[in-house]
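The values are calculated or read from the model by the stated rules, or taken from the named source; none is laboratory data. Just so you know, these numbers come straight off a predicted model, no measurement behind them. With ideal geometry, Cβ positions are generated from the backbone for all residues, glycine too; neighbour counts draw on all protein chains shown.
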């Protein structure tokens, strides 16, 4: 296939690009290269003949259209987005512009591609956060109502609705995916797992918001990528697919697991790292619990996570320990300061 991937220099996007380039597909990567879009994430495949990169903003329809009509991809995998809840609290406009308006511009370009290629596909990648918060029980399914509670999740919900509307109104061959919290290598260090690892290695405080009992479902990024590949290959047009890790963890327990694993990798007593934990004021509107029902993708796409949480966390901790040069370079624009305070 010939694929156009948006946001392919980000965490999940670069994993998608590396996967499809490695399996022999031709990948054209479009990324604006904001603070979290890093070409360093693509170093392993940067010089391969079936990969190309264009620094471009998805809000610039004229530029995207020119490239897309030249490339004529068989599919677009749309991952370009502002993605950090804390940053959306500090500056929501950028999230509205990129996530909603950018998706609109891309959908309009995709209509032209679909008119010329009956086999064209558009995979819109989203988040479980659009569904809001769960109580102590239950799971998000593809039919769960949308109840976004942060500027980030509201902007992603808006993008999801546009994608579905373009399917219903214009018959654009769209499929929407919503996933649990991803983790793994190359994740920008503002997120919980990498910032915990890097702060602990540097002897800095390890922050936990509120009481730390917020629950998230955790999915290794490579398992998510395999799921997106299945959607592209086998998904039904107009359908939504949820990808969960079937791995619920309270934030405080997740941090403890990461620190215990890190202690073994850097040969220190775990108590030294646990002593760095600092409970801080909670994030405004912090959702209490997410958990994702993956029954549909298991049944229709024969997908389930390949990584156990223990294996995934161990490999992730080792990656950050062994790639301090990458961490230092990407951390130049963010030094661990607290974000998202009203």
>> Tell me the residue from 136, 119 that is within 19 Å of residue 2 (Cβ to Cβ) and out of contact with any helix residue (DSSP H, G or I) (no Cβ under 7 Å at 6 or more places or on another chain), please.
In response: 119
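Residues are listed down the side, and each one gets a yes or a no for (1) in a helix (DSSP H, G or I); (2) in contact (Cβ under 8 Å) with a residue 12 or more places away in the chain; (3) surrounded by 23 or more Cβ atoms within 10 Å (Cβ to Cβ):
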| residue | (1), (2), (3) |
| --- | --- |
| 197 | yes, yes, yes |
| 200 | yes, yes, yes |
| 204 | no, yes, no |
| 219 | no, yes, yes |
| 228 | yes, yes, yes |
| 232 | yes, yes, no |
| 237 | no, yes, no |
>> Return the residues of region 12-53 that are out of contact with any strand residue (DSSP E or B) (no Cβ under 8 Å at 6 or more places or on another chain), closer than 22 Å to residue 328 by Cβ and surrounded by fewer than 20 Cβ atoms within 10 Å (Cβ to Cβ); say none if nothing qualifies.
In response: 34, 35, 40, 43, 44
> Restricting the first residue to region 130-153 and requiring it to be at positive phi and free of Cβ contacts under 8 Å to residues at least 12 places away in the same chain, which pairs with a second residue that is loosely packed, with under 14 Cβ neighbours inside 10 Å and assigned to a loop (DSSP other than H, G, I, E, B) meet a Cβ separation below 6 Å and a spacing of at least six or different chains?
Replying inline: none
> If you check every pair at least six apart or on different chains, which have Cβ atoms under 8 Å apart with a residue in region 65-83 that is on the phi > 0 side of the Ramachandran plot and touching a residue at least 12 places away in the same chain (Cβ under 8 Å) first and a residue that is assigned to a strand (DSSP E or B) and surrounded by fewer than 18 Cβ atoms within 10 Å (Cβ to Cβ) second?
Replying inline: 72/2
> Condition test on residue 253, is it part of a helix (DSSP H, G or I) and surrounded by fewer than 19 Cβ atoms within 10 Å (Cβ to Cβ)?
Replying inline: yes
> If you check residue 259 against the conditions, is it in contact with a helix residue (DSSP H, G or I) (Cβ under 9 Å, 6 or more places away or on another chain), crowded, with 16+ Cβ neighbours inside 10 Å and assigned to a strand (DSSP E or B)?
Replying inline: no
>> Step by step: first the residues of region 148-171, then only those that are closer than 20 Å to residue 117 by Cα and buried (at least 21 other Cβ atoms within 10 Å of the Cβ), then the one that is farthest from the chain's Cα centre (by Cα). Which residue is that?
In response: 166
>> Please determine whether any residue of region 172-182 is over 20 Å from the mean Cα position of the chain (by Cα) and at pLDDT 95 or above.
In response: yes
> Tally time: how many residues in region 280-314 are free of Cβ contacts under 8 Å to residues at least 24 places away in the same chain and either in contact with a strand residue (DSSP E or B) (Cβ under 7 Å, 6 or more places away or on another chain) or in a helix (DSSP H, G or I) (or both)?
Replying inline: 4
> Within region 62-76, is even one residue under 22 Å from residue 192 (Cα atoms) and either surrounded by 22 or more Cβ atoms within 10 Å (Cβ to Cβ) or modelled with pLDDT of 95 or more (or both)?
Replying inline: no
> Do we have any residue at all in region 137-144 that's farther than 17 Å from residue 73 by Cβ and assigned to a helix (DSSP H, G or I)?
Replying inline: no
> Does residue 15 meet the test of being modelled with pLDDT of 95 or more and under 15 Å from the mean Cα position of the chain (by Cα)?
Replying inline: yes
> Looking at region 262-297, which of its residues are under 18 Å from residue 85 (Cβ atoms) and either surrounded by fewer than 19 Cβ atoms within 10 Å (Cβ to Cβ) or modelled with pLDDT of 95 or more (or both)?
Replying inline: 280, 281, 282, 284, 285, 286, 288, 289, 290, 291, 292
>> So if I check each of 83, 88, which one is in contact with a helix residue (DSSP H, G or I) (Cβ under 6 Å, 6 or more places away or on another chain) and crowded, with 22+ Cβ neighbours inside 10 Å?
In response: 88
